[in-house]
Amino acid sequence: MVDVVLMQGFAGFMWLLSIALIIFSGFALFDAAVRREDAYRAADKKTKPFWMIILGLAFVVNLLFPILSFLPIIGLIATIVYMVDVRPAIRALPGGGRSRRGSSSDGPYGPWNGGR
């Protein structure tokens, strides 16, 4: 009886860990998607399509395979590399590497301030 309870507890813990891993890789994929492509080159961190493919594969692998298999661990390593190395380097750039859309009052040399 005790072994059944322990196995159910372990299975529940592994399920929660798997969900956390899916959320973590999904966040990294979303974060990589919203960064500008030129920010990756400016930070000297491969290219945006490279990281989108790697993080997309990590996300799909985390959805399809159990957490104790080999592929989700590789995906976790790739996600951690992005989060602790690539993301901080891109965020350190001016503008944080995020896509920006100009205001309707922006001119060729910056925002128009009405002659002030």
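The values are calculated or read from the model by the stated rules, or taken from the named source; none is laboratory data. Source: prediction; values computed, not measured. Positions of Cβ are backbone-derived with ideal geometry, glycine not excepted, and every protein chain shown enters the neighbour counts.
The table below lists the values:
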{"quantity": "Output for segment 62-76, where each listed residue is part of a helix (DSSP H, G or I) and loosely packed, with under 11 Cβ neighbours inside 10 Å", "calculated": "Leu64, Phe70"}
{"quantity": "Residue list for segment 1-39, filter: free of Cβ contacts under 8 Å to residues at least 24 places away in the same chain and either under 13 Å from the mean Cα position of the chain (by Cα) or not in a helix (DSSP H, G or I) (or both)", "calculated": "Met1, Ile23, Phe27, Phe30, Ala33"}
{"quantity": "Boolean, Leu55 is without any contact (Cβ under 8 Å) to a residue 40 or more places away in the chain and either within 17 Å of the chain's Cα centre (by Cα) or part of a helix (DSSP H, G or I) (or both)", "calculated": "yes"}
{"quantity": "Conditions (1) at pLDDT 90 or above; (2) in a helix (DSSP H, G or I): number failed by Lys46", "calculated": "(2)"}
{"quantity": "Residue match in segment 93-102 (condition: modelled with pLDDT of 85 or more and either touching a helix residue (DSSP H, G or I) at 6+ places or on another chain (Cβ under 8 Å) or outside any loop (DSSP other than H, G, I, E, B) (or both))", "calculated": "yes"}
